[in-house]
1. Between the helical axis of 121-135 and the dominant principal axis of the chain, each derived from Cα atoms, what acute angle in degrees is found, rounded to the nearest 10?
2. Once the Cα atoms of helix 157-177 and of the chain are each reduced to a long axis, what angle between those two axes, in degrees from 0 to 90 to the nearest 10, is obtained?
3. Taking the Cα atoms only, what angle lies between the long axis of helix 73-84 and the longest principal axis of the chain, rounded to 10 degrees?
4. Can you tell me which of 151, 213, 132 moves the most in a GNM of the chain? Springs connect C-alpha atoms under 10 Å apart.
5. For the chain, what does -39500 (n - 2.57) per DSSP helix run (n ≥ 4), summed and divided by total residues, give at 222 nm, in deg cm²/dmol to the nearest 500?
6. Could you rank the peptides 189-199, 72-82, 9-19, 173-183 by their average count of other C-beta atoms within 10 Å per residue, with the highest value first?
7. Build a GNM of the chain with springs between Cα atoms under 10 Å: which of 229, 96, 146 gets the top mean-square fluctuation?
8. If I model a spin label as a point 7 Å beyond the Cα along the Cα-Cβ vector, how far apart are those points for residue 199 and residue 106 in nm?
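What follows draws every value from the coordinates through simple rules; no lab data is involved. Model, not experiment: these values are computed from the prediction. FYI the Cβ positions are ideal-geometry reconstructions off the backbone, even for glycines, and counts take in every protein chain you see.
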């Protein structure tokens, strides 16, 4: 069978690539021929994921980085280019959605941490990588947003706002770096990643969704492969919902 999403010869940089949805995308990209640069805060976890990539016959490199720290991002991008000479696919996947007791009780420290990770980091990485892609052979940037940006709730207000801002960035960068670079967003709903272990059972069941369930982590893969591959060559500035039909 033809590999419809053939990524042979491509290099993907995935933030938060050692677990959850990022880990699923790392494995899928490698299975379809890409070499992968994996980053997260924990190098040991990145190295474990990299070993799985190599077991699939692809190259992998790792770098520990807290992408919420602006000053670390230049070093991350330099390390990726040093390892592979290029980046064809950037996935801004790293994110966090800590609950706040109320908006009034949300501290400035918590607010800044949420915004730095979910908004500032993708902005800076798109700037660094997108500009190099434009100067080279182009590429695809995929931002991982959240259904919370479309259906915001009080306890996640800063997170929802940051992800809504990320949605806006997607369109802005699509125009700034087009036509050589395509920039798109995946908007996931509830997925049963390791983070979901702390959820109450009703939240896991997701009864208000059209599909009446939460997603399995591997169900993010096809959307990511589509946007990473040449099969989405006329898709940019778009938002792809993978949320089971949010209510």
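1. 20
2. Taking Cα atoms only, the helix is inclined about 30 degrees.
3. Between helix and principal axis, roughly 40 degrees.
4. 151
5. -11500 deg cm²/dmol
6. Values: 189-199: 15.1, 72-82: 17.3, 9-19: 24.6, 173-183: 18.8.
Output ranking for 189-199, 72-82, 9-19, 173-183: 9-19, 173-183, 72-82, 189-199.
7. Highest fluctuation of the listed residues: 96.
8. Inter-label distance under the simple model: 2.1 nm.
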